There are 2 protein chains.
Amino acid sequence: MPRYRLLIEYDGAPFVGWQRQVNGPSVQQALEEAAERLTPNRPADQPVRLHAAGRTDAGVHALGMVAHMDLPRVLPGGKLADALNALTRPAPIAVLEARVVADTFHARFSCIERRYLYRLLTRRATPALARGRVWWIPRDLDAEAMRHAARRLVGHHDFSSFRAAACQADSPVKTLDALDVARVGDEIHVTARARSFLHHQVRNLVGTLALVGEGKWSDDDVGRALAARDRAAAGPTAPAGGLYFLAARYPDDCTEV
Amino acid sequence: MPRYRLLIEYDGAPFVGWQRQVNGPSVQQALEEAAERLTPNRPADQPVRLHAAGRTDAGVHALGMVAHMDLPRVLPGGKLADALNALTRPAPIAVLEARVVADTFHARFSCIERRYLYRLLTRRATPALARGRVWWIPRDLDAEAMRHAARRLVGHHDFSSFRAAACQADSPVKTLDALDVARVGDEIHVTARARSFLHHQVRNLVGTLALVGEGKWSDDDVGRALAARDRAAAGPTAPAGGLYFLAARYPDDCTEV
């Protein structure tokens, strides 16, 4: 059975998240059901299963999610992407690319780097065009101070202070390879890069940096929050709508057939 | 009565357009009704009237619409913007700025330059995050050819070929000061600048440039379409959702009190 690697964009607003859940529509379910309609003759005990690089929460968007699935049908990548896009309509999901990969490729377990973007809109007026796409903070933040404080968080650390209670990772120790802060017009963009992240880690990091941007916290406060290894010691969880799964990276040797 | 100048952002999707109409919600109506709630004691024969630099069509967005209104109440600009934003919720309208101006200022008649942005998404996959915000063309366009052809349209011309039948302008002769084409990732952005535009002019210009981008039309075809002074000679009207009113410019002396 050929294995397909998909590159996916979605608007997270109408979904309970990436992962299938009983309480509402998920990106995974929409794509799996579309794929099943493409393969009506597969054995009933072999539902199509989609595995993603990141299981985003409700409201979180993706510009470049990577996922894979095995399909009992050989289709050129372009045709598969077109068919999935047609069958998932009107859900705001777009398969940007589909291609056959070696069956050793696993979107989640082969992934060696994940990148996220977080958008904060820092202006007095409510968002109109960016509603549900940014964290609206109705005052200016000091992006330079945030950028400086972010350096304290980069590196190999116990990130317990930035980990959701529901996190299922074996260990809170992760290596955060980059945490950059940039001003873009009336927005502040935070980008984070690591091999893997804890549940809510990016949103908790951003919630903490926002305290710095507001002038309430210093670099040292951020350092102390990290050292405390206690969720209660760090800032709040930034809202889901500002978060975007940007990209997943894989070793070259596992991406080609 | 103080005159207020407003700078407004809106998502055009849920509106019948800027202008009040009996068949649905308009940006003008939402803001006028909000302003009227702020001034309950004004004479009944003096409804609040909002005048805009551009009367955008249904589905057209604005990043920087300028409008003015007279209010029988003195309010600091920031407070007025906050109140209008609170009272128009949940409509996707944001008043970015409000300030008192001289009563010689007229958002429509004093305006000396208008700028529009048009976004085309040129990729095979449907838009997910940019749905309703771009014209989706499922193949690549030659942006360089479009940029080159756009030069034929800049200048002082009879734009009858790019004018909607419903256009109420006295004359089809306008000066198009700039028509720029730029590739931005998987989008092509067309920006247009003129003192004023005919009805549908930007969308008709973009529809024509898209024919060039597809390789169907040459620069000379564009020149002939312009010279024909006949709407049937030019390209189709690009969809409303890709168009954004960007900015309006005024002489310095009419913007301050």
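Would you point out the residue of the stretch B:85-116, among those that are at the interface with another protein chain (Cβ under 9 Å from one of its Cβ atoms) and of a type in the set (Gly, Ala, Ser), that is nearest to the chain's Cα centre (by Cα)?
Among residues in the stretch B:85-116 that are at the interface with another protein chain (Cβ under 9 Å from one of its Cβ atoms) and of a type in the set (Gly, Ala, Ser), the one nearest to the chain's Cα centre (by Cα) is B:ALA94.
Scan the stretch A:76-102 for residues that are loosely packed, with under 15 Cβ neighbours inside 10 Å and in contact with a helix residue (DSSP H, G or I) (Cβ under 6 Å, 6 or more places away or on another chain) and jot them down.
Those that are loosely packed, with under 15 Cβ neighbours inside 10 Å and in contact with a helix residue (DSSP H, G or I) (Cβ under 6 Å, 6 or more places away or on another chain): none in the stretch A:76-102.
So, of the residues in the stretch A:7-26 that are of a type in the set (A, V, I, L, M) and more than 14 Å from every other protein chain (Cβ to nearest Cβ), which turns out to be farthest from the chain's Cα centre (by Cα)?
A:VAL22
Which condition number does B:ASP82 fail, the rest of (1) at pLDDT 95 or above; (2) more than 9 Å from chain A (Cβ to nearest Cβ) being met?
Exception for B:ASP82: condition (2).
I'm trying to understand the selection: among the residues of the stretch A:1-19, which are modelled with pLDDT of 95 or more and either loosely packed, with under 14 Cβ neighbours inside 10 Å or outside any strand (DSSP E or B) (or both)?
A:ASP11, A:GLY12, A:ALA13, A:PRO14, A:PHE15, A:VAL16, A:TRP18, A:GLN19
Do we find that A:ARG151 is within 14 Å of another protein chain (Cβ to nearest Cβ) and either surrounded by fewer than 20 Cβ atoms within 10 Å (Cβ to Cβ) or without any contact (Cβ under 8 Å) to a residue 12 or more places away in the chain (or both) in this structure?
Against the criterion (within 14 Å of another protein chain (Cβ to nearest Cβ) and either surrounded by fewer than 20 Cβ atoms within 10 Å (Cβ to Cβ) or without any contact (Cβ under 8 Å) to a residue 12 or more places away in the chain (or both)), A:ARG151 does not qualify.
Step by step: first the residues of the stretch B:103-123, then only those that are touching a helix residue (DSSP H, G or I) at 6+ places or on another chain (Cβ under 7 Å) and closer than 15 Å to B:GLY185 by Cα, then the one that is surrounded by the fewest Cβ atoms within 10 Å (Cβ to Cβ). Which residue is that?
Result: B:ARG119.
Quick check on my filter: what residues within the stretch A:61-82 are assigned to a loop (DSSP other than H, G, I, E, B) and without any contact (Cβ under 8 Å) to a residue 12 or more places away in the chain?
A:PRO76
This table checks each residue for (1) touching a Lys or Arg at 6+ places or on another chain (Cβ under 8 Å); (2) away from every other protein chain (no Cβ under 14 Å); (3) more than 16 Å from B:VAL95 (Cα to Cα); (4) assigned to a loop (DSSP other than H, G, I, E, B).
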| site | (1), (2), (3), (4) |
| --- | --- |
| B:GLN28 | yes, yes, no, no |
| B:GLU36 | yes, yes, no, no |
| B:ASN41 | no, yes, yes, yes |
| B:ALA44 | no, yes, yes, yes |
| B:GLY59 | no, no, yes, yes |
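Quick one: what pairs do we get from the stretch B:215-238, first residue outside the structural domain of B:ARG147 (by TED's automatic domain parsing), second of a type outside the set (A, V, I, L, M) and surrounded by fewer than 14 Cβ atoms within 10 Å (Cβ to Cβ), C-beta under 9 Å, 6+ apart or different chains?
none
Of the conditions (1) closer than 19 Å to B:ARG203 by Cβ; (2) in contact with an Asp or Glu (Cβ under 9 Å, 6 or more places away or on another chain); (3) not hydrophobic (A, V, I, L, M, F, W, C), B:GLY54 satisfies every one except a single condition; which number is it?
Condition (2) is where B:GLY54 drops out.
The values are calculated or read from the model by the stated rules, or taken from the named source; none is laboratory data. Just so you know, these numbers come straight off a predicted model, no measurement behind them. Here the Cβ is made from the backbone with ideal geometry for all residues, glycine too, and neighbour counts use every protein chain on show.
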